[in-house]
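The values are calculated or read from the model by the stated rules, or taken from the named source; none is laboratory data. No experiment lies behind these values; they were computed from the predicted model shown. Every residue, glycine among them, receives a Cβ derived from its backbone with ideal geometry; neighbour counts consider all protein chains shown. When the accessible area is computed, the model is the full protein with side chains, heavy atoms only, and any ligands, DNA or RNA have been set aside. Shrake-Rupley method; radii C 1.70, N 1.55, O 1.52, S 1.80 Å.
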Amino acid sequence: MKAKCPQHERCDLAALELRLWLFMAVAALAVAGALALGLALARTPGVQDWLPSGPAFFHKALVTHVVFSFQIWLLAMLAAASVQPAAPRWPGFVGFALTICGCLALLLVTLAGWGEASLNNYVPILDHPLYFVGLALCAGGIGGALFRPRTGLGLVASAYAVALLCFALAAFRLPSDLEPAFRHERLFWGGGHVLQFVNTGLVMWAWQRLSGQAQTRLSALAFALLAVGALAALVIEARLDPQGLAWRQAYTQMLWYLLPVPPMLLAGPLLWRLRRSLDWRSLAGLALLASWLVFALGGGAGFALGAGDTRTPSHYHAMIGGVNVALMGLVHVVLLPRLGRVVRSVRLVRWQIGLYGGGQILHALGFYLAGLAGVARKTAGAEQGLDSVFKLVSMGLVGIGGAIAVLGGVLFVGHVLTRLVRHD
């Protein structure tokens with residue numbers, strides 16, 4: 001006989017909320033993929049004239065592609081991770097509704113061709129009031145899922161609250177008559193750095209769940225240090241001018257000196273305990289191994305960056321890739337089983353994790369090698385100056401690795417959406 005939950009209605013509502021947030025997270029990746037196709041069309045002569053805002057659509061689609069693939073996907077997964085049967089339900093459902101409205105606003109502005117694209121770091125934007133409204137709705141919606149009792153992610157939620165506060169403080173302190181590109185860069189610089197603590201906390205949580213290990217004093221200390229590191233942003237905001245160079249450099253140093261310790265403090269002992277007990281060919285083991293390899297590659301690259309070359313995208317693509325592959329494993333191993341959606345094809349999921357993780361390693365490695373040769377970031381075509389065999393091979397590795405990773409991502413999105421929609 002199938003066991004019944006003591007609080008059956010609450011368990012059903014928790015399952016519904018988890019399903020909604022998972023659907024939003026994976027749908028965000030699907031939207032990002034569709035916008036990537038729009039990027040290709042925007043570079044096609046003749047076709048680009050039929051797109052919203054013509055050739056300018058390329059940069060506008062690029063902005064929203066980044067927002068959905070790096071922000072909406074990760075934050076929706078954070079909301080999904082926060083779903084617990086004992087937590088109050090209404091903040092999660094209200095938060096989901098707000099986030100949906102925010103996503104629709106972002107897409108409306110993009111597809112209508114409104115606003116100028118600002119390719120600032122962390123959260124690029126389209127300079128249109130409705131786009132800012134969309135971002136605010138998404139931020140508040142995720143907060144609705146996190147800022148409630150008994151979510152199990154209290155310290156990560158505190159870092160998210162600090163990020164929101166930094167965004168608000170920057171908006172309040174920066175004069176409105178600043179040059180737009182400079183203002184947008186400074187508006188999202190501080191909070192964007194704090195969001196990296198949030199992403200790190202999310203991947204640490206995923207590592208723990210994939211490992212099946214109970215929390216220890218050392219892992220609790222790692223999460224506590226992560227929250228304290230995020231709080232350092234408030235000291236920066238209190239002491240420094242957001243228009244000054246010292247303010248900008250302080251946030252960079254915050255990532256250098258405070259962010260690396262918590263994941264190493266968690267992953268090192270975890271790897272030691274699991275070295276003989278975990279089946280590394282299992283889905284959980286493969287996801288952990290791929291995540292640690294890609295994440296470590298990105299972390300190492302972060303301590304040896306150049307000035308304006310492709311070593312910078314090597315660093316952040318690998319870091320985000322390490323987070324993504326852990327979350328992909330988490331969805332298959334932990335979250336879908338909570339909904340009664342067991343993996344039907346282990347071989348397919350292994351291929352998906354392997355393709356995505358392996359592709360990200362090649363992609364990041366190619367970027368780093370190209371950066372060593374002096375290839376500038378944020379360039380394309382002839383502007384890259386690929387005047388040597390080494391540069392050509394390095395950027396070829398970027399393309400091959402990216403294509404492999406995209407294939408893994410497509411398999412993930414298709415498989416998970418199918419499992420969420422089907423009722424068997």
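Largest GNM mean-square fluctuation across 310, 64, 216, computed for the chain with C-alpha springs under 10 Å, falls on 216. Once you have the alpha carbon radius of gyration of the chain, what is it after dividing by 2.2 N^0.38 Å, with N set to its residue count? Dividing the Cα radius of gyration by 2.2 N^0.38 Å gives 0.96. The label-point distance for residue 305 and residue 390, in a model that sets each label 7 Å from Cα toward Cβ, rounds to 2.3 nm. Between residue 101 and residue 276, the contour length at 0.36 nm per residue exceeds the Cα-Cα span by 58.3 nm.
Ligands, DNA and RNA left out, the accessible area of the range 157-230 computed with a 1.4 Å probe is 64% carbon and sulfur. Largest mean-square fluctuation among 284, 405, 15, in a Gaussian network model of the chain whose springs join Cα atoms under 10 Å apart, belongs to 15.
Along its principal axes, the range 159-241 has C-alpha extents of 52, 23, 14 angstrom, given from the largest down. The slack in the chain from residue 235 to residue 338, taken as 0.36 nm per residue of separation less the alpha-carbon distance, amounts to 33.0 nm.
So the label point goes 7 Å from the Cα of residue 351 along Cα→C-beta, right? Which residues of the range 383-424 then have their backbone N under 19 Å from it? Output list for this probe position: 401-419. Among 359, 414, 95, the residue with the largest mean-square fluctuation in a Gaussian network model of the chain, with springs joining Cα atoms closer than 10 Å, is 414.
Reducing the range 178-236 and the range 349-418 to their Cα centroids gives an inter-centroid distance of 26 Å.
Taken over the range 51-124, the convex hull of the Cα atoms encloses 83 Å³ per residue. Residue separation of residue 34 and residue 217 scaled by 0.36 nm, minus their Cα-Cα distance, works out to 61.5 nm of gained length. Rg and Dmax of the range 217-353, both derived from C-alpha coordinates alone, stand at 18.1, 55 Å.
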